[in-house]
Amino acid sequence: MQKMLTSAVLATSLAMAFPAHAAKVAAGPVVHEAPLRAHLAFLASDALEGRGTGQRGGELTVNYLEAQAMAIGLQPANGSSYRQPVKIAGVKSAPAQSNVSIVAGGQALPLTFGTDWVWAPGDTQPVHQMDHELVFAGYGITAPEEGWDDFKGLDCSNKVLVVMVNDPQPTDAEPNRFNGKGLTYYGRWTYKFEEAARHKCAGVLLIHTTASASYGWSVVQNSWMTERFQLAEGEMEPGMEGWMTEDTARKLFAASGFDLDKLRAQAEDKSFKPVPLGARVKGETRAEVRKLNEYNVAGIVPGTDPKLKSEVVIYSAHWDHMGKYGDAKDNIWNGAVDNASGTAGLLAMAQEAVRTPAKRSQMFLWVAAEEQGLLGSAAYAANPLWPAAKTAANLNLDSLNFVGTTKDIGVQGSERTDLGAMAAATAKAMGLVPAPAKPDLSGGYFRSDHFSFAKAGIPAFSVGGGHAWVKDVEANNAKAKAYAARYHQVTDEYDPSWDLSGMVQQAQFTLNLGQAVANAPKMPAWKAGDPFGKARAGSN
């Protein structure tokens, strides 16, 4: 009875979104909790050792996803294979074998790797001889449309930049510059490295603050003190990339005769010019480097329409987490919420989608190495298994709602494209409302795998969980808030007592929306003026 009711709701959803085609719409697929919970429990178990990139647990995870895709009935997306190789380099800094320091005021600063700063090569080279001038370059941004250039002709070839995370803040005179209070891609740390590479810089050191990064120093430590990964093909980044604590930055600037706060204030104005600090990075850095293949896993539900089946809707989730490392008794970083939940959600969705195909084809894509900088999705976007011009949309799942059922659903980012109106219609048909839009202070739109698709011009966003709890509001608010302390920690573990109704709801909404896109007369388009729409126009 429940399945019949839910199917009727989906049919109503599609009828409301596309009234001219309502008579042709069949009842849609229904996501079930049992397979979702089973997949989640296994993916987050110690058996898969945290699904680490380049680790045994990652290999086991790919084997599991490949077997499940075959069992579900998905067709291989890469010829006869479910796998798409992702060529990456594993890099692990070797501070004990290195002899590198920051010299300011004639003295080497007393810096400890991990506590005060972290660094790694961005170009996959294991050894670097360093004797480079440090230059404060504000936000490290070049944005012609904003009339902003933090480089202003600086020759970066022998310079290590010290830059701030985030982007210039709004002012009374310019309340909407750089998207006002919301973060643009210029503010993301990944952009800083990319822009420095375009300027041929020798290195980049980011100044960490919890406010600007939106996470504490421990997150940086956990990511940079273990093996990190980067794509092994394409443009290489600077020879030194890293972070320093704000306290370290203050010591550096003071030893160089500068006031950090005054220079940061100057950097808020577009007239700012790079400031040589009279300090240098000197010595030798060493790192362990290895090259390997990791894998995306992808399967297809072919479309039913003779013409539209040549187009595809892609559902994605990253299968990786932090893996197994450290000497503590519990050294497995299980990543239950982030992102065994999304990986399991996609499996449960695919199981039902094969039973009820749509007019367009649908791809279920589990991407690798998201935690290492969206590497799997970036590799897919660079070498897509389906032409980008024929890809209608990407709907991504990253960290599902483990707390409980909500009255709302997260659709932030959908407003950039026609997906916004379609998401609102899908939500209404399910008795939900879109969660209220908030300024994107942490740059959430640029931090998950959908962003790789957006940069390629494909309408894309990550479907988020809601927070307007149907019941137990106070207790559920506490549960949701408490997860912040488990994010990227060994304590992000599966709990059999979890109420997964919210996960099922989130997965069902995503599948409903994807089916709506797959059955629509036209592919979604970007809103006029959105910068990512330019790539779409260029691919057609």
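Details
- Checking Thr171 against (1) touching a helix residue (DSSP H, G or I) at 6+ places or on another chain (Cβ under 9 Å); (2) at pLDDT below 95; (3) of a type in the set (Val, Ile, Thr); (4) surrounded by 14 or more Cβ atoms within 10 Å (Cβ to Cβ), the condition it does not meet: (4)
- Identity of the residue in the range 481-509, in a loop (DSSP other than H, G, I, E, B) and among the polar types (S, T, N, Q), that ends up nearest to Asp46 (Cα to Cα): Thr491
- One residue from Thr417, Thr405 being at pLDDT 95 or above, more than 30 Å from Gln230 (Cβ to Cβ) and β-branched (Val, Ile, Thr): Thr405
Here's the yes/no breakdown for (1) modelled with pLDDT of 95 or more; (2) touching an Asp or Glu at 6+ places or on another chain (Cβ under 8 Å); (3) of a type in the set (A, V, I, L, M, F, W, C):
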{"site": "Asn78", "(1), (2), (3)": "yes, no, no"}
{"site": "Tyr82", "(1), (2), (3)": "yes, yes, no"}
{"site": "Pro85", "(1), (2), (3)": "yes, yes, no"}
{"site": "Val91", "(1), (2), (3)": "no, yes, yes"}
{"site": "Ala96", "(1), (2), (3)": "yes, no, yes"}
{"site": "Ser101", "(1), (2), (3)": "yes, no, no"}
{"site": "Gly106", "(1), (2), (3)": "no, no, no"}
{"site": "Phe113", "(1), (2), (3)": "yes, no, yes"}
{"site": "Asp116", "(1), (2), (3)": "yes, yes, no"}
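Rundown of residues vs (1) within 21 Å of Ala348 (Cβ to Cβ); (2) of a type in the set (Asp, Glu); (3) buried (at least 18 other Cβ atoms within 10 Å of the Cβ); (4) in contact with a His (Cβ under 7 Å, 6 or more places away or on another chain), yes/no style:
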{"site": "Phe461", "(1), (2), (3), (4)": "yes, no, yes, yes"}
{"site": "Asn476", "(1), (2), (3), (4)": "no, no, yes, no"}
{"site": "Lys479", "(1), (2), (3), (4)": "no, no, no, no"}
{"site": "Ala482", "(1), (2), (3), (4)": "no, no, no, no"}
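- For the range 222-242, the candidate set comprises residues that are among the acidic types (Asp, Glu) and part of a loop (DSSP other than H, G, I, E, B); within that set, the residue that is modelled with the lowest pLDDT is Glu235.
- Options Ala393, Ala381, Ala429, Ala358; residue that is in contact (Cβ under 8 Å) with a residue 40 or more places away in the chain, closer than 30 Å to Asn222 by Cβ and not polar (S, T, N, Q): Ala381
- Flag if Ala424 is touching a residue at least 60 places away in the same chain (Cβ under 8 Å) and not β-branched (Val, Ile, Thr): no
- Looking only at the range 72-93, and only at residues there that are under 30 Å from Ala120 (Cα atoms) and touching a helix residue (DSSP H, G or I) at 6+ places or on another chain (Cβ under 8 Å), the one that is surrounded by the fewest Cβ atoms within 10 Å (Cβ to Cβ): Lys87
- Count of residues meeting criterion [more than 15 Å from Ile332 (Cβ to Cβ), buried (at least 20 other Cβ atoms within 10 Å of the Cβ) and aliphatic (A, V, I, L, M)] in the range 36-71: 5
- Looking across the range 40-83, the residues that are under 20 Å from the mean Cα position of the chain (by Cα), of a type outside the set (A, V, I, L, M) and either assigned to a helix (DSSP H, G or I) or not assigned by TED's automatic domain parsing to the domain that holds Leu500 (or both) come down to Gly50, Arg51, Gly58, Thr61.
Here's the yes/no breakdown for (1) surrounded by fewer than 17 Cβ atoms within 10 Å (Cβ to Cβ); (2) among the acidic types (Asp, Glu):
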residue	(1), (2)
Leu397	no, no
Phe402	no, no
Asp408	no, yes
Gly420	no, no
Leu432	no, no
Ala437	yes, no
Asp449	no, yes
Gly457	no, no
Gly466	no, no
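- Residue among Arg264, Arg250, Arg228 that alone is of a type in the set (Lys, Arg) and crowded, with 19+ Cβ neighbours inside 10 Å: Arg228
- Residues of the range 460-472 that are of a type outside the set (Ser, Thr, Tyr), under 11 Å from Asp398 (Cα atoms) and part of a strand (DSSP E or B): Phe461, Gly464.
- The set of residues in the range 349-408 being among the β-branched types (Val, Ile, Thr) and under 30 Å from Ala475 (Cα atoms) consists of Val403, Thr405, Thr406.
- Residue pairs meeting the criteria (Cβ under 8 Å; at least 6 apart or on separate chains; first under 10 Å from Leu419 (Cβ atoms) and touching a residue at least 24 places away in the same chain (Cβ under 8 Å), in the range 518-530; second in a loop (DSSP other than H, G, I, E, B) and among the aromatic types (Phe, Trp, Tyr)): Trp526/Phe532
- Filter result for Val301 (crowded, with 21+ Cβ neighbours inside 10 Å, in contact with a Gly (Cβ under 7 Å, 6 or more places away or on another chain) and of a type in the set (A, V, I, L, M, F, W, C)): no
- Yes/no for Lys309 being assigned to a helix (DSSP H, G or I) and modelled with pLDDT of 95 or more: yes
- Selection of the range 209-229 for residues being closer than 16 Å to Met240 by Cα and either among the hydrophobic types (A, V, I, L, M, F, W, C) or in contact with a strand residue (DSSP E or B) (Cβ under 6 Å, 6 or more places away or on another chain) (or both) yields Val220, Trp224, Met225, Glu227, Arg228, Phe229.
- Selected residue [aliphatic (A, V, I, L, M), closer than 21 Å to Gly182 by Cα and not in a loop (DSSP other than H, G, I, E, B)] from Ala454, Ala421, Ala475: Ala454
- The test for being in contact with a His (Cβ under 8 Å, 6 or more places away or on another chain), closer than 18 Å to Glu59 by Cα, touching a residue at least 24 places away in the same chain (Cβ under 8 Å) and not in a loop (DSSP other than H, G, I, E, B) holds for Ala340.
- Out of Trp386, Trp366, Trp319, Trp333, sole residue that is touching a residue at least 60 places away in the same chain (Cβ under 8 Å) and surrounded by fewer than 24 Cβ atoms within 10 Å (Cβ to Cβ): Trp386
- Residue within the range 138-149 that is polar (S, T, N, Q) and in contact with a Phe, Trp or Tyr (Cβ under 8 Å, 6 or more places away or on another chain) present: yes
The values are calculated or read from the model by the stated rules, or taken from the named source; none is laboratory data. None of these values were measured; they are calculated from a predicted model. Here Cβ is always computed from backbone atoms with ideal geometry, including for glycine, and neighbour counts include all displayed protein chains.
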